[in-house]
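So the structure is just underneath, and the comments pick up after that.
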Amino acid sequence: MAVVGRFSHTLRSVLSAQTRQLSAAAAHGDQGAKTWKLLSFLVALPGVGVCMLNTFLKMQHHSHEQPEFIPYTHLRIRSKRFPWGDGNKTLFHNSHVNALPDGYEHHE
């Protein structure tokens, strides 16, 4: 039991010290706001730009051919019809990428 008492005492002292540090940081003005503003402009925005550039370059080199259709028995199971359209296509069906249970749609 003495171990639990010492642990709770140590935990309380650590938490109260952290609370005092946070209160002191808030009393010294808005230095935290300046830090977050700098981090936003110098880290976050360039990071978003790099991600956008990466996506754009990957789309330039992306193959526009349909993947080979392999009729696996556990994929594209239709136990009942969809309540929209012809009942065989998913809600966000893309005829170029999404295959139906019997293969891709052929557009000529």
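Contact map, the stretch 89-108: residues that are over 10 Å from F69 (Cα atoms) and without any contact (Cβ under 8 Å) to a residue 60 or more places away in the chain paired with residues that are hydrophobic (A, V, I, L, M, F, W, C) and part of a loop (DSSP other than H, G, I, E, B), Cβ distance under 6 Å, separation 6+ or inter-chain. No pairs are found.
Among the candidates F69, F92, single out the residue that is assigned to a loop (DSSP other than H, G, I, E, B) and at pLDDT 90 or above.
Working: F69 fails: at pLDDT 90 or above.
The unique qualifying residue is F92.
For the stretch 55-66, filtered to residues that are of a type in the set (S, T, N, Q) and part of a loop (DSSP other than H, G, I, E, B), the residue that is surrounded by the most Cβ atoms within 10 Å (Cβ to Cβ) is Q66.
Only residues that are closer than 29 Å to L100 by Cα and not charged (D, E, K, R): list them for the stretch 57-72, please.
Keep residues of the stretch 57-72 that are closer than 29 Å to L100 by Cα, which gives 58-72.
Once the filter is applied, which keeps residues that are closer than 29 Å to L100 by Cα and not charged (D, E, K, R), the stretch 57-72 yields M59, Q60, H61, H62, S63, H64, Q66, P67, F69, I70, P71, Y72.
The values are calculated or read from the model by the stated rules, or taken from the named source; none is laboratory data. Since we're looking at a predicted model, the values are computed, not measured. Ideal geometry is used to build each Cβ from the backbone, glycine not excepted, and the neighbour counts take in all protein chains shown.
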